[in-house]
Amino acid sequence: MSLALAAGAAATALRGLGAAPGERVCGAVAAVDALSVEIAGLGGFLAVGSRLAILAPGGVVPAEVVALSARGARAVAFAPLDGVRLGARVAMAGTATLAPGPGWLGRVVDPLGRPLDGRGPLPPGRHALPVRARAPEAALRARLGPRLDLGVRALDGFCTMRRGQRLGLFAASGVGKSTLLSMLARGADCDAAVLCLVGERGRELREFIEDDLGAAGLARSVVVCATSDAPAPMRREAAFAAMTIAESLAGEGRHVLLMMDSVTRFALACREIGLAAGEVPATRGHTPGVFAELPRLLERAGPCLEASGGHITGLFTVLVEGDDHDEPVADAVRGILDGHVVLDRRIGERGRWPAIDVLRSLSRTVPGCLEPEERALATRARAILSLAGEMADLVRLGAYRAGTDAAVDEALRLAPRIEACLAQRKEEPVTGVAGAFAALQAAMA
């Protein structure tokens, strides 16, 4: 292939990456392994994060530089490396960009901004934004906005959020995270929603969109999906692309709800890339780069610059392995976000959904968004649930006799009614924060 033809093929492929076409082709593949390729000949032209196009016989393979050394550059590919041979030509490109806009609402896209729903090309927005961007300057960010109706009583009553807040949903697999996200996507008070599915099962995408999200939820949402069989760079890119789309919508003054499932799979993709780049595993097999990428991603959510008037409210699921809520990724994410919600398998096994453990869940903005009477009601409800839980074993064993303690009697009488108030089917009408406290007041009357 001549240099001109190679450059043309690279430019075509790089449009999918959102990058500018390279000006020259002067590199070659020097080594290939299962996860990465080594590039020679581009020397001082590359930096970590530079985009490349590898001209393989079967087509162009997009890649990204993750490490540099005296021998050359090491890159990870956004597509399978099948057919890539030693000596294959390599084209340079700039950094990746996306040009999202309001026309993307209602669409399903991949991490490179290509449509997955078969509905034709995506209309470009007015501005191309870098996929890897810095968080807004801390001193110039707006304050958190007013309290936010999420449409889930357990969250509205016990983990009340404000616009621009970031909350983590911590749960093991099979405890209802996806169903809870679909309830939030349909019921939350927002102008637009961005759903990021990282490492999801391929068969579940249509089920989630058609059954859980529904036509009304999809109409105001952009869905970014990278399935579990996608290469690690694509799974990592999904999170950054979703954040870029949310920033674009929020930059127009919208309140955007960003939901990511899950941060854990994003971290696993970063670990794979770190190992391919030569990083040494440190904390339970996670490379140091994982804990550097997490704040770079999560800090981009929240209140935007005060002049824009927009907010990005973030809900990030964390898949805790073996119900270990102190594993490294969960611990790091909990320290970055503004609160955490714990989903407990035992609560779901008792038949109460969503299986939110309100006693272990916390929103750090509750003091600033509840009225005094609402705060007192929530505190009393927590105390009742806690006391009933402490006495449950004694009651089962017959070691407690009614009338011995008035507070215990009240807790045993009211706790089932509070639990019934927390239960909510996904098709139930949305009530908001005021409705959640009205239901809680009625349950405790």
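The values are calculated or read from the model by the stated rules, or taken from the named source; none is laboratory data. Since this is a predicted model, take the numbers as computed values, not measurements. Heads up, the Cβs are rebuilt from the backbone with ideal geometry, glycines too, and the neighbour counts pull from every protein chain shown. The accessibility values were calculated without ligands, DNA or RNA, using every heavy atom of the protein model including side chains. Shrake-Rupley method; radii C 1.70, N 1.55, O 1.52, S 1.80 Å.
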**Fill in**
Those residues of the range 392-418 that are modelled with pLDDT of 95 or more and touching a helix residue (DSSP H, G or I) at 6+ places or on another chain (Cβ under 8 Å) come to a total of 9
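For the structure I just gave you, tell me whether LEU397 is free of Cβ contacts under 8 Å to residues at least 12 places away in the same chain and either open to solvent by 70 Å² or more (accessible area, probe 1.4 Å) or under 22 Å from ASP357 (Cβ atoms) (or both).
yes
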**Request:** Go through the range 262-372 and tell me which helices (runs of 4 or more DSSP H), entirely inside it, have 2 or more residues that are closer than 28 Å to VAL223 by Cβ and in contact with a strand residue (DSSP E or B) (Cβ under 9 Å, 6 or more places away or on another chain).
**Result:** 263-276, 288-298, 328-336
**Asked** Quick check, is ARG346 over 20 Å from the mean Cα position of the chain (by Cα), closer than 21 Å to CYS421 by Cβ and open to solvent by less than 30 Å² (accessible area, probe 1.4 Å)?
**Response** no
**Request:** Name every residue in the range 206-223 that is closer than 14 Å to ASP117 by Cα, in contact with a Leu (Cβ under 7 Å, 6 or more places away or on another chain) and of a type outside the set (Gly, Ala, Ser), in order of residue number.
**Result:** ILE209, VAL222, VAL223
**Prompt:** Taking the condition in a helix (DSSP H, G or I) and closer than 28 Å to ARG346 by Cα, does ALA383 pass?
**Reply:** yes
**Prompt:** Just one of LEU197, LEU275, LEU268, LEU258 is under 23 Å from GLU427 (Cβ atoms) and not small (Gly, Ala, Ser); which is it?
**Reply:** LEU197
**Complete:** Considering the range 425-445, residues that are charged (D, E, K, R) and modelled with pLDDT under 90, and then whichever is most open to solvent (accessible area, probe 1.4 Å), we arrive at GLU427
**Message:** Restricting to the range 206-234, count the residues that are part of a helix (DSSP H, G or I) and open to solvent by less than 30 Å² (accessible area, probe 1.4 Å).
**Reply:** 9
